[in-house]
Amino acid sequence: MNIHEYQSKGILREFGVAVPRGMVAFTPDEAYEAAKKLGTSKFVVKAQIHAGGRGKGGGVKLADSPDEVKKLASEILGMTLVTHQTGPEGKIVKRLLIEEGVDIKSEMYLGIVLDRATSKLAFMVSTEGGVEIEKVAAETPEKIHKIFVDPAVGFTAFQARQLAFALGLQGDALKNGIKFMMSLYNAYTKSDASLAEINPLVITGSGDVMALDAKINIDGSALYRHKDIAELRDTDEEEPLEVKASEFGLNYIKLDGNVGCMVNGAGLAMATMDLIKLAGAEPANFLDVGGVANVETVKNGFLLLMSDPNVKAVLVNIFGGIVRCDRVANGIKEALSQIDVTVPVVVRLQGNNADIAAKILDESSLDFIVAEDLKECADKVVAAIS
Ligand code: ADP
Ligand code: MG
């Protein structure tokens with residue numbers, strides 16, 4: 001799960017990771033009040049959207065007074081912010097972080113991710129902060145230093161020192177940098193994070209080390225034990241159909257094509273998307289209705305697919321292993337009698353009781369295109385849209 005910068009910083013603060021003082025604001029008046037409370041002479045007004053690159057896109061602005069904060073807040077709130085991570089359509093800004101302006105001496109990069117090849121957390125640092133780390137990785141990979149954390153031992157002070165040395169930290173900054181990394185690791189593991197990216201990590205004029213930006217993702221499967229973090233979810237930032245799918249308990253990812261697909265099992269769903277591409281079309285989505293594929297899930301699946309105006313045909317590809325195909329066929333029949341499906345539907349049901357299922361579909365008054373093998377169903381659905 002993605003959360004906003006101010007929420008990430010809230011979690012970090014709880015674990016003693018140094019972050020600038022700041023407050024969230026939803027209106028220009030709240031922004032003004034927040035600036036008053038901060039009571040400093042330099043402020044930063046930061047758009048809160050689930051995407052980076054806000055600075056370049058005009059979503060991070062400096063201000064010298066609460067009045068200026070209010071003026072900037074009224075400009076940024078409601079604007080459509082386009083960054084390299086939002087796509088060309090951009091995102092509408094609905095929240096701001098009003099933060100104290102920090103005296104930046106240098107900007108660095110620090111990230112923690114799970115390295116799936118070694119099954120270990122990778123701690124990465126670079127002196128090249130405040131820029132896109134993907135660019136640094138592509139052009140000057142030697143400027144990224146990595147350390148892998150043994151899960152049985154945890155992140156050690158020795159490793160933190162190594163990383164701090166790689167960043168060239170000295171004196172107070174060295175001491176503060178080590179403390180920063182140890183606390184960040186603690187915050188990461190205790191909150192079941194799946195990513196932490198601090199870009200930039202800064203050294204201030206007085207030798208403090210703090211997170212000027214913070215992006216933390218939380219492992220969705222662990223949210224059941226973090227009720228407080230689960231509440232941070234902002235569905236405004238998510239694809240509306242994916243929000244609906246999560247309410248139905250379905251695994252759905254919206255894509256750009258026009259062939260809607262409904263499949264049971266993630267593996268078959270991936271294979272079905274490949275087949276559609278091989279046949280010369282583009283899938284409109286990934287949708288795994290689960291192993292059992294009952295009336296309820298099939299119905300909800302059709303509801304989702306029909307809510308996407310791009311969908312011009314639907315391919316239902318169900319393998320009857322745990323589930324009997326005749327029950328699925330009845331489920332499809334029932335679902336389609338309740339929902340207005342306005343596009344051609346190609347159905348392939350194979351496996352347990354497939355012959356009975358075929359008969360049910362054949363005899364129904366609804367208009368299905370029936371297919372038996374994988375290539376045939378992909379070809380038929382592509383033919384249906386052309
Ligand atoms: P993004 O990565 O989305 O562009 P950041 O939070 O990294 O947003 O902010 C962009 C830049 O704005 C930073 O690299 C930093 O130079 C400046 N900045 C951000 N927050 C502050 C702050 N509290 N004080 C001073 N400068 C800041
Ligand atoms: Mg940043």
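The values are calculated or read from the model by the stated rules, or taken from the named source; none is laboratory data. Since the model is a prediction, treat every value here as computed from it, not as a measurement. Quick reminder, even Gly has a Cβ in these numbers, built from the backbone with ideal geometry, and neighbours come from all protein chains shown.
Quick test of your reading of the structure: N264 fulfils all but one of (1) surrounded by fewer than 23 Cβ atoms within 10 Å (Cβ to Cβ); (2) within 21 Å of Q350 (Cα to Cα). Name the failing condition by number.
Going through (1) surrounded by fewer than 23 Cβ atoms within 10 Å (Cβ to Cβ); (2) within 21 Å of Q350 (Cα to Cα) one by one, N264 breaks only (1).
Conditions (1) in the same structural domain as K215 (by TED's automatic domain parsing); (2) closer than 15 Å to L212 by Cβ; (3) surrounded by fewer than 20 Cβ atoms within 10 Å (Cβ to Cβ), marked per residue:
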site	(1), (2), (3)
I3	yes, no, no
Q7	yes, no, no
A31	no, no, no
H50	no, no, yes
G55	no, yes, yes
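Return only the number of the condition from (1) farther than 13 Å from V93 by Cα; (2) more than 13 Å from ligand 2 (Cβ to nearest atom) that V24 does not satisfy.
(1)
Among the residues in segment 81-98, are any more than 16 Å from ligand 2 (Cβ to nearest atom), of a type in the set (D, E, K, R), touching a strand residue (DSSP E or B) at 6+ places or on another chain (Cβ under 7 Å) and not assigned by TED's automatic domain parsing to the domain that holds V149?
yes
Assuming E107 fulfils every condition listed in (1) more than 20 Å from D236 (Cβ to Cβ); (2) assigned by TED's automatic domain parsing to the domain that holds G177; (3) away from ligand 2 (no atom under 16 Å from the Cβ) apart from one, which condition is it?
So E107 meets the others, but not (3).
What pairs come up if the first residue lies in segment 60-77 and is touching a residue at least 24 places away in the same chain (Cβ under 8 Å) and not assigned by TED's automatic domain parsing to the domain that holds I49, the second is within 15 Å of ligand 1 (Cβ to nearest atom) and hydrophobic (A, V, I, L, M, F, W, C), and their beta carbons are under 6 Å apart, counting only those six or more places apart or on different chains?
none
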